[in-house]
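What follows is calculated from the coordinates using simple rules that are stated; it is not laboratory data. Since we're looking at a predicted model, the values are computed, not measured. As a convention, Cβ positions derive from the backbone with ideal geometry for all residues, glycine included, and neighbour counts pool all protein chains shown.
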Amino acid sequence: MIKNTRASKPQIGDDTNLLTARIIPCLDVDNGRVVKGTNFVNLRDMGDPVELAMQYECQGADEIVFLDISASSENRPTALANVTRIAQQLSIPFTVGGGLKSLADVQAFLDAGADKVALNTTAVTHPEIIEQVAKSYGSQCVVVAVDVNKPSQDSSPQLYIHGGRTLVNKDFNQWVNEIQQRGAGEILLTCMHRDGTGLGFDNELTGEIAKNAKIQVIASGGAKNEQHFLEAFRHGADACLAAGMFHSGEYRIDQVKQFLADNGVKVRI
Amino acid sequence: MIEPSKAYTVTIIDTKAGNIFSLKACLQRLGCEVMVAKTPAQVVGDRLIIPGQGHFGSVMQQLTTEGWLNFLNQWKSDDKYLLGICVGMQVFFEQSEESPGVLGLGWLDGKVKKLNSPKQPMVGWSSCQFSTASFESGMPYFVNSYAIKESQQCIATTSYGETFCAAVKLNNLVGFQFHPEKSSHYGSKLVAQALNLS
């Protein structure tokens with residue numbers, strides 16, 4: 001065996017954590033168009049999903065999330081076709097969700113080009129699907145999306161399913177633990193009370209969950225400017241997801257990343 | 001701007017463990033013809049990839065069942081281009097804690113071990129400094145819970161909780177612990193460098 005002589009050891013330094021904070025734009029897609037709403041209602045058309053996905057990759061997005069919010073069986077072929085169109089153009093990780101009900105659905109979206117699937121309602125009603133997907137495709141393929149609502153700062157967190165329409169009688173913290181025990185790769189935590197408000201992420205709630213979780217936690221809901229991202233990462237979020245502020249063209253991802261880097265957050269530039 | 005290759009054919013071994021959509025798209029964008037081979041008889045060309053899907057045990061099982069072992073040993077003796085991605089790199093080694101009792105290809109010394117990371121799996125982009133000019137340093141995308149901590153053939157490391165081997169090279173055998181096909185333009189460059197596509 002020929003020994004590969006190295007001229008010099010790779011210079012990494014003392015830092016035992018080089019993993020960067022991730023910025024993830026989210027495409028909520030209804031009827032083939034990206035839409036945006038406030039607190040999960042009143043949807044506006046924000047553009048073509050393929051164009052936006054490609055634009056975001058160019059701007060330095062670390063991943064793309066695509067959520068089929070129509071999530072009905074008639075719209076499934078369109079959603080799958082869009083997933084393929086996007087996957088063909090992307091060379092960054094691509095997560096797809098929205099009404100996935102079974103292992104067959106998961107297979108369909110992975111075959112269409114998704115790298116990971118996001119499960120929400122089905123994970124709550126049939127939590128064994130988390131293990132099934134993790135076993136068949138690996139934990140890294142399963143993101144469990146959690147929609148949580150806190151009507152006021154003092155209220156306890158309420159769990160919702162069905163796109164934020166149905167309150168679930170399940171303890172939020174226990175659910176977060178169960179998700180990890182069942183083998184999910186990541187948690188996507190959307191704070192409904194902040195979603196679309198532009199008031200920033202709920203860092204108290206998200207930070208607490210992120211710091212205690214053994215898997216990565218993606219913060220979602222409420223981002224409107226670069227400062228919101230900085231605060232979320234400082235509070236412990238592993239990744240941040242946003243939609244409207246990027247779709248509107250008001251902010252570019254590279255701009256947000258530069259701001260984060262200037263303020264000491266490790267990001268990929 | 002990545003120079004398109006002279007239409008090389010690259011064969012991806014079908015380890016029946018998941019989605020190779022991204023990898024195929026990456027190679028096609030590099031101007032390659034792509035073959036997916038279930039068995040050695042289906043291999044076309046001089047460039048082969050073991051993709052990054054599945055676990056150590058499932059990949060070795062597929063390679064064994066479909067008659068790849070002798071073929072791969074010969075391929076390596078002939079020093080043809082072979083790129084292993086993620087678990088595809090890990091099977092170059094002797095064993096893995098992920099699948100106790102399963103033997104790897106054993107070409108490189110060492111055992112794949114669980115990563116002592118703050119969170120598992122490790123998910124995201126992390127800096128890699130290559131110690132050889134054959135590859136450009138940069139920040140590729142990782143998603144793994146297991147890794148090779150040390151290897152004489154290590155040419156790049158990264159750190160998440162602990163430092164581990166991000167890439168290995170032994171002549172024309174190259175392994176990437178990260179997913180170059182999900183690492184944007186930088187990743188495409190690394191694939192082109194690994195398979196000598198210029």
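Taking K and R as +1 and D and E as -1, what net charge do the other residues with C-beta under 13 Å from the C-beta of A:Pro157 add up to? That works out to -3. A:Ile179 sits among other residues whose Cβ lies under 15 Å from its own Cβ, and their net charge, with Lys and Arg +1 and Asp and Glu -1, is -2. With one equal scatterer per alpha carbon and no solvent term, the Debye-computed log10 I(q)/I(0) for the range A:19-177 at 0.12, 0.19 1/Å reads -0.53, -1.30.
Assuming a ≥ b ≥ c are the square roots of the Cα gyration tensor eigenvalues, decide whether the range B:71-145 counts as rounded (a/c under 1.5), prolate (otherwise, with a/b larger than b/c) or oblate. Cα axes put the range B:71-145 in the oblate bin. The alpha carbon convex hull volume per residue for the range A:206-269 rounds to 79 Å³. The alpha carbons of the range A:165-252 stretch over 39, 29, 20 Å along the principal axes, in descending order. For B:Thr157, the residues whose amide H sits under 5 Å from its own are B:Gln129, B:Ala166, ignoring neighbours fewer than 5 places away on the same chain, with H placed 1.01 Å from N. The residue list B:Phe21, B:Val36, B:Ser145 was ranked by how far each Cα lies along the charge dipole of chain B toward its positive end, using unit charges on Cβ atoms, and B:Phe21 comes out on top. Ordering A:Leu67, A:Val124, A:Ile179 by Cα displacement along the dipole of the range A:66-222 toward the positive end leaves A:Leu67 in first place; charges were set at the Cβ atoms of Lys, Arg (+1) and Asp, Glu (-1).
Computed on the Cα atoms alone, the convex hull of the range B:70-198 gives a volume of 97 cubic angstrom per residue.
The GNM of chain B, with springs linking C-alpha atoms under 10 angstrom apart, assigns the highest mean-square fluctuation among B:Phe164, B:Phe93, B:Phe21 to B:Phe21.
The convex hull around the C-alpha trace of chain A, projected and averaged over every direction, spans 16.5 square nanometres. In a reduced charge model with +1 at each Lys and Arg Cβ and -1 at each Asp and Glu Cβ, chain A shows a dipole moment near 520 debye about its Cα centre. Only helical runs count toward this figure. For chain A, summing -39,500 (n - 2.57) over DSSP H runs of n ≥ 4 and dividing by all residues gives -10000 deg cm²/dmol at 222 nm.
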